Amino acid sequence: MSIRRPLTGLFAGLAFTLAALPLVAHHSFGSEFDAQKRLSLTGTVTKLEWTNPHIWFFIDVKDASGRVSNWALEMGSPNALLRAGWTRTSLKVGDVVAVDGFHHRSRPNVGNARVVTLASSGKRLLDPAAGRSELAQTARAKSDAAARLPRTAAGRPDLTGTWTPAPDPTSAAGGIEGLHTPRYMIDIMVDLKPNEVPFTPWGAAIYKQRNDNLRRDNPLIRCLPAGVPRLNAYSHPYKIVQTADMVVVLYESLTMFRQIFLDGRALPKELQPSWFGYSAGRWEGDVLVVESSGFNDRTWLDGAGHPHSDRMRLTERFRRIDSGHMDIEIVINDPKAYTKPLKYTQPQMLLPNTDLLEYVCENAKSVGP
């Protein structure tokens, strides 16, 4: 299968937790790595673990006294690195590399690899600047993407294509790879002051509990689905397949799918709670309006840990602006968690030369020497 366009900006800002080896599970960058403690190492590669959701490699580092220690270093996901031009042989056992990154908060000889350079050639195998440069390339290509709005034979806007939430160039670069993220990926309340978040007592208590625990109970840690609306702002691609009576969304994240029925049916009154809920849509002019309910309460609304309950009702408005751009307006009604509806709009961008890749999260896989 061909991987047609480098997409370094699609790195997801999550990583594994190292538990004295084996290494398993996701975590947020801030909960495990210290952005104030830079590391700079040169060593020989001893092992490479090409695993989802993040790749780990190991190097022997010799100190001034000649003592050798083995370091475990983390990079992005295989899919992101494949799109950035990597293969399984880009880094080989025996290669000497220079690594710049950050120390783990508490574990010795563990780090996040931000820049990886081959000592023999000076070639940078991993560099967040490449991901940031893609934003500029996207801006330069805007005139090409702003072509005529595609329509179906019936005259409806055609949402078909491979999409990703657009990174926010005004955000601070960060996370595992030091890249810009979609505006509402980390915090859907980013436009509000802390005292303006309309928590109910229940919602405030859940949010405090998650943050007191450094967000370590994030469902992504256990390789569970992100669900919606979180995937509308999560930096993994997805594909929309549109027919007259259904829209199917294929998510690269965990290789999952979602059905949106357009045949006029109403939302059922009794639903088995699920990760993606039950969705029915209708067209209002050129906007696809999707109503969803029947969610369980196990997903988070964002990386910050904002909760929802199983009473959440979600309204999404998909508006394709032109050939290369789409907005998804999101309205969350959840009277158990919030005293009033939450509303935000996450821009999306088309990835015209990109295929979806299988993404199986190997949460239970042991990683290490």
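Just so you know, all these numbers are worked out from the coordinates, no wet-lab data involved. Fair warning: this is a prediction, and the values are worked out from it, not measured in the lab. Note: ideal-geometry Cβ built from the backbone for every residue, glycine included; neighbour counts use all protein chains shown.
Check the straight Cα-Cα distances from residue 269 and name the lysines below 30 Å, setting aside those fewer than 8 residues away within the same chain. Candidates past the 8-residue exclusion: 239, 336, 340, 343. Placing R0 at 25 angstrom, the Cβ-Cβ distance between residue 107 and residue 224 gives a FRET efficiency of 0.55 after rounding to 0.05. The peptide list 283-290, 183-190, put in order of mean Cβ contacts within 10 Å with the highest first, becomes 183-190, 283-290. Note on the range 263-369: Rg/Rh from C-alpha atoms, Kirkwood Rh, equals 1.04.
Does a label point 7 Å from the Cα of residue 62, set along Cα-to-beta-carbon, have any residues of the range 70-105 with amide nitrogen under 16 Å, and which are they? What the label zone holds, given the 16 Å backbone N cut-off, is 70-71, 94-98. Normalised by 2.2 N^0.38 Å, where N is the number of residues, the alpha-carbon radius of gyration of the range 148-350 equals 1.01. Relative protection proxy for 269-275, 46-52, 113-119, from highest mean packing down: 113-119, 46-52, 269-275 (other beta-carbon atoms within 10 angstrom).
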